[in-house]
Amino acid sequence: MIVINSRFLTQEVRGVQRFAEQICLQLNALRDDLVFVAPNDIRLHESAELLHVRRIGRHRGHLWEQVDLPLWLARNGSPPLVSLCNTAPLAYGNQIATHHDITYIRHPESYSRTFRTVYRNLTPLLLGRIKGLITGSEFSRSEISAHYGYPVSNICIVPSAVDERFQPFCIDMARRGTTPYLLAVSSPSTHKNFARMVAAFLRIEGHNEVELRIIGDSNRVFAGSLHDVDGSRRIRNLGRLPDDELVAAYQGATAFVFPSIYEGFGIPPLEAQACGCPVIAARAASIPEVLGDSALYFDPLKVADLTHAMERVLSDEALRQDLRQRGKANVARYCWNSSARRVSRLIDQAFNGAQNTETTDEGPLPLSEPKH
């Protein structure tokens, strides 16, 4: 029996939860030795039903994860545990954990003092006990290893992907509307760099009809708010959207802007590319690793450079078409099933001592050098 920590089913869906949900759904189809356990306050009911989740314990949140879950594991023979979000029971050693990035170290201004203090103090304890670690990119693997002194050989790269709901626009083009817009999707934390993005947008010349639409909301662990960057009637904050409306927003955008200074992976630009939307992105952190030569890059710390990239993508249809084609090819390199197979092999290696015999997609994906 392999137990999967499914606390993510009780949380709002952001990148971390999306990763855990999709990996679990794929793992459930690959293996018959998994037991998914979660607290009682589940939000993602459809996925919970598909996974046949067992509701255990009396508590919620961190208390459930640090108390109820390890007690239940102890009563059931201390089986192997897989935790696919950034947290895991600290006192439990027979497990594989996941750590997507160390943004709280590199950009502490993005988080509340409580959040970053907890992560800084507890992460080393967790790394000292687990059998292996999952992260999303070579960039994050290097960052985690360098900062915490954790062996690179114990970190498995498992990239994210895009599910089939994200598809190019294939119905009457009139449904896109008549107002052209640039799109950004993210939380409003400081390292996402939305303030510079808005400043760059307001400097654009010759495209007064274009809007900047921002999808996302604030979270109490983040410092900052989308209201801090709202300075024009041409800037529209749309809040959080259900997936069908998010897909439509990607499909209708002239281009997608990803200005983040620090990312462990970054799913939104892949979602945009899957929907046929050209991407302009920061040349920073893991972003060039994930996007390869499929994006138009800019220096995220230089507002003028960002403005130039926006103007270029708005003015050049041939460039947009090229980015669409490159984006389609880039998205095809990522697959939730392939990523879940990596996790499955890691489970066998870490808990059963099995040797890896498949090499087709083991290790980091082959990546192209950025050209734009």
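Structural remarks
- Complete set of residues in the range 188-207 that are within 21 Å of Ser286 (Cβ to Cβ), of a type outside the set (S, T, N, Q) and in a helix (DSSP H, G or I): His191, Lys192, Phe194, Arg196, Met197
- For the range 128-160, the set of residues classified as without any contact (Cβ under 8 Å) to a residue 24 or more places away in the chain and within 17 Å of Cys85 (Cβ to Cβ) consists of Ile155 only.
- Among the residues listed as Glu263, Glu271, the single one being part of a loop (DSSP other than H, G, I, E, B), open to solvent by 10 Å² or more (accessible area, probe 1.4 Å), within 20 Å of Arg18 (Cα to Cα) and touching a residue at least 24 places away in the same chain (Cβ under 8 Å): Glu263
- Condition check for Val53: out of contact with any Pro (no Cβ under 9 Å at 6 or more places or on another chain), open to solvent by less than 30 Å² (accessible area, probe 1.4 Å), over 24 Å from Leu122 (Cβ atoms) and in contact (Cβ under 8 Å) with a residue 24 or more places away in the chain: yes
- Test for Asp348: is it at pLDDT 95 or above, part of a helix (DSSP H, G or I), in contact with an Asp or Glu (Cβ under 6 Å, 6 or more places away or on another chain) and open to solvent by 30 Å² or more (accessible area, probe 1.4 Å): no
- Being out of contact with any strand residue (DSSP E or B) (no Cβ under 8 Å at 6 or more places or on another chain) and assigned to a helix (DSSP H, G or I) is a property that does not hold for Leu90.
- Check on Cys85, under 21 Å from Val343 (Cα atoms), touching a Phe, Trp or Tyr at 6+ places or on another chain (Cβ under 6 Å) and not in a strand (DSSP E or B): yes
- Test: residue in the range 97-112 that is crowded, with 24+ Cβ neighbours inside 10 Å and in a strand (DSSP E or B): yes
- Residues being in a loop (DSSP other than H, G, I, E, B) and of a type in the set (Val, Ile, Thr) - total across the range 134-169: 2
- Counted residues, the range 99-131 - those being over 20 Å from the mean Cα position of the chain (by Cα) and not polar (S, T, N, Q): 12
The values are calculated or read from the model by the stated rules, or taken from the named source; none is laboratory data. What you see is a predicted model; the values in this text were computed from it and never measured. Methodologically, a virtual Cβ is constructed for each residue, glycine included, from the backbone with ideal geometry; neighbour enumeration extends over all protein chains shown. The accessibility values were calculated without ligands, DNA or RNA, using every heavy atom of the protein model including side chains. Shrake-Rupley method; radii C 1.70, N 1.55, O 1.52, S 1.80 Å.
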